[in-house]
Amino acid sequence: MAALCSNSSSEKAGTASEAPSGPEDDFWAGQGPIVLRDPAIKLLSPVSGVEPLSWAEDHRLAACNTNSVSLMELVCDIHSLSQNLVLHRTHIPVPTTTCELKVGSEKDVRAVKESFANSKDPVVSQMIMIDRVINPQCGPLHGVKYTSWSPLGCDKLGRCLLAFLTLDNRLTIHSSHLQLQWTLLLDLTELYGEMLKTRKYSAQNDGTPPVSFKDFDELQRRFRMQTPVRMEWSSLCSMQQVQSDNAHKDINTVLLAVLMENGDVVVWQFSLPLNGKESVVSCSTIKSGVSSPSALTWWQYEHSGRKMSGLIIGSSVGPVKILPVNIKAVKGYFTLRQPVVLWQESDQIPVHNIKCITLFHPHQKCNCSLVVAARGPYIFWCLLLISKAGLNVHNSHITGLHSTPIISMTACHNNGTVLTCSLDGKVKKLTTVFTDLAVEFKQEEIVLPEGVAGRRIHGISISPNSAYLAVLSNEGMNNGFHPVALNYQVQFITFKTPDEAAAKMLDAHCLFRNSDLLDLLRWRILKDKSIPSAYENNLEEKLQTSGSTYLWRLKLFFLRTLHKSMQKTPSEALWQPRRRSGQSLVGDGDEGGGGDEDEMMEDRQGDAEIREREERMKEIGSRIEAVESHLIRENMKKVLGEVYLHTCVTQNTRVPTKGVCDFLTNDPANEDRAAKVLIGHIMNKMNKQTFPEYCALCKEILPFTDCKRAECKNGHRWLRCALSYQACQGVTYRRCLLQDSIASVAEPEDSDWIKKILQGPCIFCDSPFY
């Protein structure tokens, strides 16, 4: 296993970042990129649905099973001493009530079903009896069919939404407004059924009179047009909304495309953040003309500043094509004039899954779209490139990849790597190599580590930055026999080395969005009990040239993790009472004095090691305080800049402006000319007004002597908001995901710029506030 106890030699290093080469270096040199990490997450129910694993951009993993969607959030916890992955678990249960689609009045539908069930035509009677969509009383399916994560920024916390489709065709959208609590926002199946009812279940909303559902084909059509097959989210887009004063306001929106069983595509447009039915901007139905649809994904292409969009639809009989999507009132988006057929042969090889990756073509010097589709044991690929001559399409199949059908496929969107898993448990890696006109794929089989190899794999999914590969599996055959009880579990395999993760982190811009890469660095520092010198040297070079606050936060993460690695794991449970020195248990006898001198020597050596470790921890702690102070000062200047820009006259805001200005100027160790100039302008605007804060309990003045807490002269203490530096004297306040800092809750009467400040992430770890 990768998570082993590190050697104590690195603990005796002279500085915080230097450690002698030893067993740790040999350990990392002997490790490849594929390492199994603990813990393995056990599922309580059997797996269900297609592509049962899906990883969100905010590092939450959804695993589909028959009773719920199991959710695991990867947290790079700087407060944990364990080298294992830190995963916060929760779940969304499958509703116990069966979803029945509405196709007319309940009384009439029941009578029509009975007439068809008693029909003398055995074809009609048998079809109506065994169809679980039309007749759920014959035994409804229970479980999850498919899940899809939205991009970041769709809920009020700026995180991802989860679209959740059950086997009984209920499509819902859920949000986690609290850290581990999920809330139902929309039931799209019910909402779409109400919309169809208003237009009398007509195929086109053109006012044509509907056909009576006493006809069997019409009854089937009404059910098929409401039966979802797949759904996928688009990227974020914006549109202009007319206000009451005729002013135009840009609002962010997101699209959700739902593929129905009859080939219709229902495109929902939501305003952000999504709160409920009031967030629905529009809903349109598009006829795809694809028979037996099976897979769906968005095609979004950017060329010369113009964005194009469409929907890629695959069929269970073979064809794949791009469908134009006319997005009304969306800024900067254009669509195709007509559908583009990527593969037209009806060869009865079903399309299992489709991925679309946007890449940069190094030879053509422009963006291109790479479409990959799993069709049986083959991979169909298509390269879309827009030139002066129009849309260029290059396509082909990758054969000989697997000997059995592909059951799961995932893609790395940053480098174009595609991973496939077949029914026999083989995992293959396809690396994209560009040629002058098209692409080639370098094939490589992933050697699974011990503990994963030999298991039956149901699904794979790669993390947003390709640091981890999640594998959903159960026990394989043992001596030719199937196991009596199946235990399903999710295992995590590293897909990058810590050195590769460190190089990626230096070019990133947000710690939270790169939590999977950050966890690899945390693992190495905790194991080695030191920061690799290459990591720190490269970071210091970047800091000298850039000075970005992100790099300072990355440095703070390194130091905090190093400080945590120096702490000793408690040998006894914290709840157990400690035995005082000199006390002995009943039955302890005198062993003789021969070993007393050896014990005293060991005690002296242990005391020296403890003193050395404490001195080193004190040094690291002082460096942590210096970095935190720098980040706080930078954020204070940012907040004061917002105050200066949005206050025309002297006014009292939620920001303790005078206290923040005094705090910056009273620090002689940090001379900042830019801060002094800004403070001078603000003080001129304030016109000698101070607007002090008052204690909510005794009405005494709260002096601004500490940026993290406030205390009045009567001893009442309050925590300060890390974003606005106001004392949080309300009943509720928010805390960041890693428990680094707190933030106050925005009030309805606050100005927009105050709300924008309070919507920011933690200034120490980039995590959202809950």
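The values are calculated or read from the model by the stated rules, or taken from the named source; none is laboratory data. The structure presented is a predicted model; accordingly, all values stated were derived computationally and were not measured. Positions of Cβ are generated from backbone atoms using ideal geometry, with glycine treated the same way; all protein chains shown enter the neighbour counts.
When the range 659-701 is examined, which residues are found to be outside any helix (DSSP H, G or I), within 43 Å of the chain's Cα centre (by Cα) and not hydrophobic (A, V, I, L, M, F, W, C)?
Those that are outside any helix (DSSP H, G or I), within 43 Å of the chain's Cα centre (by Cα) and not hydrophobic (A, V, I, L, M, F, W, C): ASN666, ASP667, PRO668, ASN670, GLU671, ASP672, PRO692, GLU693, TYR694.
Please verify whether THR399 is among the hydroxyl-bearing types (Ser, Thr, Tyr) and touching a residue at least 40 places away in the same chain (Cβ under 8 Å), treating the condition exactly as stated.
Taking the combined requirement at face value, the residue does not satisfy it.
Enumerate the pairs (first residue in the range 176-187 and among the aromatic types (Phe, Trp, Tyr); second residue anywhere and in a strand (DSSP E or B) and at pLDDT 85 or above) with beta-carbon separation below 8 Å, excluding pairs fewer than 6 apart on the same chain, so at least 6 apart or on different chains.
That search, which allows pairs on different chains as well, returns TRP182/LEU71; TRP182/THR90; TRP182/ILE92; TRP182/LEU162; TRP182/HIS174; TRP182/SER175; TRP182/SER176.
Can you pull out the residues in the range 527-546 that are in a helix (DSSP H, G or I), more than 13 Å from LEU559 (Cβ to Cβ) and without any contact (Cβ under 8 Å) to a residue 12 or more places away in the chain?
Those that are in a helix (DSSP H, G or I), more than 13 Å from LEU559 (Cβ to Cβ) and without any contact (Cβ under 8 Å) to a residue 12 or more places away in the chain: ASN537, GLU541, GLN544, THR545.
Of all residues in the range 97-120, which are within 46 Å of the chain's Cα centre (by Cα) and β-branched (Val, Ile, Thr)?
Correct list: THR97, THR98, VAL103, VAL109.
I need the full set of residues from the range 485-521 which are of a type in the set (S, T, N, Q) and in a helix (DSSP H, G or I), in order please.
Matches in the range 485-521: ASN514, SER515.
How many residues, within the range 639-691, are of a type in the set (Gly, Ala, Ser) and surrounded by 17 or more Cβ atoms within 10 Å (Cβ to Cβ)?
The number of residues fulfilling the criteria is 2.
Every residue in the range 341-367 that is assigned to a strand (DSSP E or B), crowded, with 18+ Cβ neighbours inside 10 Å and over 29 Å from the mean Cα position of the chain (by Cα), please.
Matches in the range 341-367: LEU342, TRP343.
Yes or no: ARG524 surrounded by 23 or more Cβ atoms within 10 Å (Cβ to Cβ), assigned to a helix (DSSP H, G or I), modelled with pLDDT of 90 or more and in contact with a His (Cβ under 9 Å, 6 or more places away or on another chain)?
no
In the list CYS64, CYS76, which residue meets the criterion of being of a type outside the set (Val, Ile, Thr), crowded, with 22+ Cβ neighbours inside 10 Å, modelled with pLDDT of 95 or more and closer than 17 Å to LEU469 by Cα?
One residue alone meets the criteria, CYS64.
Can you list the helices (runs of 4 or more DSSP H) lying wholly within the range 90-207 that have 1 or more residues being in contact with a strand residue (DSSP E or B) (Cβ under 6 Å, 6 or more places away or on another chain) and either among the acidic types (Asp, Glu) or closer than 25 Å to VAL50 by Cα (or both)?
Of the helices (runs of 4 or more DSSP H) lying wholly inside the range 90-207, those with at least 1 residues that are in contact with a strand residue (DSSP E or B) (Cβ under 6 Å, 6 or more places away or on another chain) and either among the acidic types (Asp, Glu) or closer than 25 Å to VAL50 by Cα (or both) span 188-198.
So, in the range 704-760, of the ones that are among the aromatic types (Phe, Trp, Tyr) and part of a loop (DSSP other than H, G, I, E, B), which residue ends up nearest to GLN181 (Cα to Cα)?
Step one: filter the range 704-760 for residues among the aromatic types (Phe, Trp, Tyr), giving 704, 718, 725, 733, 753.
This time we only want the ones that are part of a loop (DSSP other than H, G, I, E, B), so: 704, 725, 733.
Numbers: PHE704: 36, TYR725: 28, TYR733: 17 Å.
Of everything passing the filter in the range 704-760, TYR733 is nearest to GLN181 (Cα to Cα).
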